[in-house]
Amino acid sequence: MSELEPMIPAPEHSHGAHGHGTGHQWLDVVVAVSAIFISVVSLIVSIEHGRTMEKMVDQNEKMVEASTMPLLDSGMTYDDDHRSNKAMFRIALKNSGVGPAIIDRFEVRYKGMPYSVRTVKDLLMACCKEDLSKSTVVGTSSVSGIILPARESTKFLEIPLNNAPSFESVMQKNIENFSIKACYCSVLDKCWETNFNQMRPTPVASCKVNPGDVLW
């Protein structure tokens, strides 16, 4: 009896999948190298683009800061008040910057002792008691806590000189015993300190006001 042939043909053995190639080894290598090169170039371009954007953001931030930066300056004047026809001594504070100055702390000291608007008479008696009469009306203006707009000024001390003709010379002799210090911020919370003796204010993290500070 003859051996029966199988009704279902035996499945053929499968072979591993082949990659998509061109059939030319040198061309496959060129394509692979080109793909890697393009990927590397794309990565480099992306990194450089990111750096460029960071620089642009940084430059924009600096431009905004520069366009809002205040700069306080202080000075004394001796002149005539045309309204009262009196010679006046004035100490003024000016914002020479391009943005408003938020003045958190303003100190006036004489020989290291702090004075305020409330104790201005004591200040004048300490520095110039023999040259100011008790009837002299002194004009004062508080500075700490105010916002001084750009290009604006405030006179925080005004003294008529008609009753104190030698006050100017006495003040000039004692000027080295006076010290004025301010801490102020921009609208972007960038803060500076100055004693008005330096060309540039010193950047600080914030303007701290402690309880008990004697401020003008």
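The values are calculated or read from the model by the stated rules, or taken from the named source; none is laboratory data. Note that the structure is predicted; figures quoted are calculated from it, not measured. Cβ sites come from the backbone with ideal geometry, for glycine too, and all protein chains shown count toward neighbours.
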>> Filter segment 173-216 down to the residues that are hydroxyl-bearing (Ser, Thr, Tyr), surrounded by 14 or more Cβ atoms within 10 Å (Cβ to Cβ) and part of a loop (DSSP other than H, G, I, E, B) and list them by number.
In response: 186
> Residues of segment 1-51 being among the small types (Gly, Ala, Ser) and either part of a helix (DSSP H, G or I) or modelled with pLDDT of 80 or more (or both), which ones?
Replying inline: 32, 34, 35, 39, 42, 46, 50
> Looking only at segment 202-216, which residues are in contact with a Pro (Cβ under 9 Å, 6 or more places away or on another chain) and within 22 Å of residue 92 (Cβ to Cβ)?
Replying inline: 214, 215, 216
> When both residues are 6+ apart or on different chains and their Cβ atoms are under 6 Å apart, which pairs have a first residue that lies in segment 60-76 and is assigned to a loop (DSSP other than H, G, I, E, B), and a second that is among the polar types (S, T, N, Q) and at pLDDT 95 or above?
Replying inline: 68/186; 69/186; 70/95; 70/186
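Inside segment 52-75, can you point out the residues that are over 30 Å from residue 89 (Cα atoms) and modelled with pLDDT of 80 or more? If you could, list the steps in order and put the result at the bottom.
Quick first cut of segment 52-75, residues over 30 Å from residue 89 (Cα atoms) only: 52-68.
The answer is 67, 68.
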> Is it the case that some residue within segment 126-144 is under 30 Å from residue 63 (Cβ atoms), in a strand (DSSP E or B), modelled with pLDDT of 95 or more and of a type outside the set (Lys, Arg)?
Replying inline: no
> Does any residue of segment 92-103 turn out to be modelled with pLDDT of 85 or more, touching a helix residue (DSSP H, G or I) at 6+ places or on another chain (Cβ under 9 Å) and either surrounded by 18 or more Cβ atoms within 10 Å (Cβ to Cβ) or not in a strand (DSSP E or B) (or both)?
Replying inline: yes
>> Suppose we filter 107, 168 for residues that are among the acidic types (Asp, Glu), farther than 30 Å from residue 68 by Cβ, in contact (Cβ under 8 Å) with a residue 24 or more places away in the chain and surrounded by 14 or more Cβ atoms within 10 Å (Cβ to Cβ); which single one remains?
In response: 168
> Filter segment 166-194 for residues that are under 17 Å from the mean Cα position of the chain (by Cα) and polar (S, T, N, Q); which is nearest to residue 89 (Cα to Cα)?
Replying inline: 194
